[in-house]
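Visitor: Structure incoming, see below.
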């Protein structure tokens with residue numbers, strides 16, 4: 001399964017969003033980050049039983065680089081299925097798949113989507129990764145009609161994004177429950193760089209449902225357009 005597939009997971013009318021100072025700081029921090037792409041990504045998907053025990057697992061390691069056309073090329077470096085090496089099989093499968101644009105997924109701090117975001121400060125604080133954070137509930141309405149609802153943890157002093165947890169409606173076909181949690185960390189050009197993504201959900205067909213969880217970690221960022 002491709003990294004972008006995992007990261008890409010009814011009507012709502014939003015009026016002009018009032019300014020929220022700490023949220024505005026997060027948006028300003030996130031703007032320059034869009035120019036950066038992770039050079040490495042690791043992915044793990046697990047199917048689990050009702051007690052959380054792993055029944056089946058997949059692991060993949062990717063390298064992301066600039067393609068000859070200037071786009072982002074994603075290459076499978078290593079792959080495992082139930083701890084057995086499947087690298088060659090996955091590399092062959094990737095060559096047959098149609099390339100899709102690379103994306104880091106839904107980002108409520110993206111400056112270009114702020115007209116579609118409604119933000120509500122909770123007036124609460126929490127500690128995440130050793131940082132005191134202010135909590136904000138948000139709703140993001142996407143152009144295709146999907147609605148993302150979640151909570152953001154922002155550094156209480158700087159406004160830097162620390163964590164986001166959200167669900168989206170409608171869910172992808174065959175998925176009955178899906179929660180995504182994203183953590184951010186300092187990167188090569190300051191704060192707000194995506195560090196890891198944790199997804200938990202339930203999917204299946206009719207009455208055959210299985211729980212799953214996945215983790216994605218990224219590092220070694222490089223800047224788009226740089227040599």
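Visitor: How do the pairs read when you match residues in segment 39-57 that are within 26 Å of residue 75 (Cβ to Cβ) with residues anywhere that are part of a loop (DSSP other than H, G, I, E, B), using Cβ under 9 Å and keeping only pairs 6 or more apart or on different chains?
Guide: As it stands, the answer is 43/1; 43/2; 45/1; 56/82; 57/82; 57/83, since those pairs meet every condition given.
Visitor: I need a count of the residues in segment 120-146 that are modelled with pLDDT of 95 or more, surrounded by fewer than 17 Cβ atoms within 10 Å (Cβ to Cβ) and under 19 Å from the mean Cα position of the chain (by Cα).
Guide: Count: 2.
Per-residue answers, yes or no, for (1) under 27 Å from residue 64 (Cα atoms); (2) surrounded by 16 or more Cβ atoms within 10 Å (Cβ to Cβ); (3) modelled with pLDDT of 95 or more; (4) out of contact with any helix residue (DSSP H, G or I) (no Cβ under 8 Å at 6 or more places or on another chain):
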position	(1), (2), (3), (4)
174	no, no, no, yes
186	yes, no, yes, yes
189	yes, no, no, no
195	yes, yes, yes, yes
208	no, no, no, yes
219	yes, no, yes, yes
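The values are calculated or read from the model by the stated rules, or taken from the named source; none is laboratory data. On a predicted model such as this, the values are computed, not experimentally measured, just so you know. Heads up, the Cβs are rebuilt from the backbone with ideal geometry, glycines too, and the neighbour counts pull from every protein chain shown.
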